[in-house]
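J.: The following block contains the structure, expressed as structure tokens.
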Amino acid sequence: STFLDLFMGLLKPNEGEIFIGEENFSEINLDNYRQNIAYVSQDTTLLDGSLLFNFKIVNEKVTEKEIYEICKKVQIYDFISNLPDKLNTKVGENGTRLSGGQKQRIALARAFLSNPKILVLDEATSNLDHETEASIISTIKSFKNKITILIVTHRFTILNDVDNVYLIKDREINRLSKADKMS
């Protein structure tokens, strides 16, 4: 969590410097930087309003067809299409009318619809069963080499096909080898 707070610019380091490529993080425009990031956390936040409103808040030009297409990829399409008001269904304050897994899948769909350059997933599949999670990981893999994806997880099965794995433990960051990832 601290690493992500630093990465998002929510915290400043007590000592040392952070660089994004060649640019010192302290010199970048945080508003512009954050506009390129989609963040999905374990504790998903939805706004009081309809599902459609919650999708359009990240991309006002997105069509219902595009919403449904990404909803299929994150395994929430069937749920939404069986609701009496479909995308016009009200989710309640902070999504209280939805389960944790439903909120996470909606948040993932919303993240993809925002067309980010960087996708940050912080335990973003923790409320999902293994089958649904595997399907969503497949969707995430389809974005590989198109956007930068940063995954924070305690589930090592998610890490099988990633390019780099870093273990943060006891205030140290260590890059794991391919053999370490598989064990």
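The values are calculated or read from the model by the stated rules, or taken from the named source; none is laboratory data. Note that the structure is a prediction, hence the values are computed from the model and not measured. All Cβ positions, even for glycine, are placed from backbone atoms using ideal geometry, and neighbour counts span all protein chains on display. The protein model used for the area step is the full one, side chains on, heavy atoms only, and it has no ligands, DNA or RNA in it. Shrake-Rupley method; radii C 1.70, N 1.55, O 1.52, S 1.80 Å.
J.: Considering only residues that are touching a strand residue (DSSP E or B) at 6+ places or on another chain (Cβ under 8 Å) and assigned to a loop (DSSP other than H, G, I, E, B), look in segment 5-50 and name the one that is surrounded by the fewest Cβ atoms within 10 Å (Cβ to Cβ).
T.: Step one: of segment 5-50, the residues touching a strand residue (DSSP E or B) at 6+ places or on another chain (Cβ under 8 Å) are 7-8, 17-18, 25, 28, 33, 36-42, 48-50.
Keeping just the survivors that are assigned to a loop (DSSP other than H, G, I, E, B) gives 8, 17-18, 28, 36, 42, 48-49.
Numbers: 8: 15, 17: 8, 18: 14, 28: 16, 36: 13, 42: 17, 48: 13, 49: 15.
In this case the residue turns out to be 17.
J.: Continuing with this model, one more query. Determine if segment 37-45 includes at least one residue that is farther than 23 Å from residue 124 by Cα, in contact (Cβ under 8 Å) with a residue 12 or more places away in the chain and within 22 Å of the chain's Cα centre (by Cα).
T.: no
J.: Any chance segment 65-79 includes a residue that's touching a residue at least 12 places away in the same chain (Cβ under 8 Å), in a loop (DSSP other than H, G, I, E, B) and either polar (S, T, N, Q) or in contact with an Asp or Glu (Cβ under 8 Å, 6 or more places away or on another chain) (or both)?
T.: Yes, some residue in segment 65-79 is touching a residue at least 12 places away in the same chain (Cβ under 8 Å), in a loop (DSSP other than H, G, I, E, B) and either polar (S, T, N, Q) or in contact with an Asp or Glu (Cβ under 8 Å, 6 or more places away or on another chain) (or both).
J.: Of everything in segment 47-78, what is more than 18 Å from residue 116 (Cβ to Cβ) and among the acidic types (Asp, Glu)? Give them in sequence order.
T.: Quick first cut of segment 47-78, residues more than 18 Å from residue 116 (Cβ to Cβ) only: 47-53, 63-65, 68, 72, 75-78.
Listed by number, the residues that qualify are 48, 64, 78.
J.: Would you be able to tell me the number of residues in segment 84-104 that are touching a helix residue (DSSP H, G or I) at 6+ places or on another chain (Cβ under 9 Å), open to solvent by 60 Å² or more (accessible area, probe 1.4 Å) and at pLDDT below 90?
T.: Residues in segment 84-104 being touching a helix residue (DSSP H, G or I) at 6+ places or on another chain (Cβ under 9 Å), open to solvent by 60 Å² or more (accessible area, probe 1.4 Å) and at pLDDT below 90: 1 in total.
J.: Please work out which residue is nearest to residue 150 (Cα to Cα), limiting yourself to segment 39-64 and to residues that are out of contact with any Asp or Glu (no Cβ under 8 Å at 6 or more places or on another chain) and polar (S, T, N, Q).
T.: Across segment 39-64, the extreme among qualifying residues is 44.
J.: Here are some residues: 142, 138, 114. Which one is out of contact with any Lys or Arg (no Cβ under 7 Å at 6 or more places or on another chain), open to solvent by less than 60 Å² (accessible area, probe 1.4 Å) and farther than 26 Å from residue 5 by Cβ?
T.: 142
J.: Yes or no: residue 165 at pLDDT 80 or above, in contact with a Phe, Trp or Tyr (Cβ under 6 Å, 6 or more places away or on another chain) and either open to solvent by less than 70 Å² (accessible area, probe 1.4 Å) or of a type in the set (A, V, I, L, M, F, W, C) (or both)?
T.: Details: at pLDDT 80 or above: yes; in contact with a Phe, Trp or Tyr (Cβ under 6 Å, 6 or more places away or on another chain): no; either open to solvent by less than 70 Å² (accessible area, probe 1.4 Å) or of a type in the set (A, V, I, L, M, F, W, C) (or both): yes.
The answer is no for residue 165.
J.: Another question, if that's okay. In segment 1-44, what count of residues is obtained for those that are under 14 Å from residue 111 (Cβ atoms) and among the small types (Gly, Ala, Ser)?
T.: Residues in segment 1-44 being under 14 Å from residue 111 (Cβ atoms) and among the small types (Gly, Ala, Ser): 2 in total.
J.: Pull up segment 1-37, narrow it to residues that are among the small types (Gly, Ala, Ser) and touching a Lys or Arg at 6+ places or on another chain (Cβ under 8 Å), then point me to the one that is modelled with the highest pLDDT.
T.: Filtering segment 1-37 for residues that are among the small types (Gly, Ala, Ser) and touching a Lys or Arg at 6+ places or on another chain (Cβ under 8 Å), the one modelled with the highest pLDDT comes out as 26.
J.: Take the conditions open to solvent by 60 Å² or more (accessible area, probe 1.4 Å), polar (S, T, N, Q) and under 19 Å from residue 107 (Cα atoms) and apply them to residue 63. Does it pass?
T.: Spelling it out, residue 63 is indeed open to solvent by 60 Å² or more (accessible area, probe 1.4 Å), polar (S, T, N, Q) and under 19 Å from residue 107 (Cα atoms).
J.: Now, a different point. Which ones in segment 98-134 are without any contact (Cβ under 8 Å) to a residue 40 or more places away in the chain, small (Gly, Ala, Ser) and more than 20 Å from residue 55 (Cα to Cα)?
T.: 134
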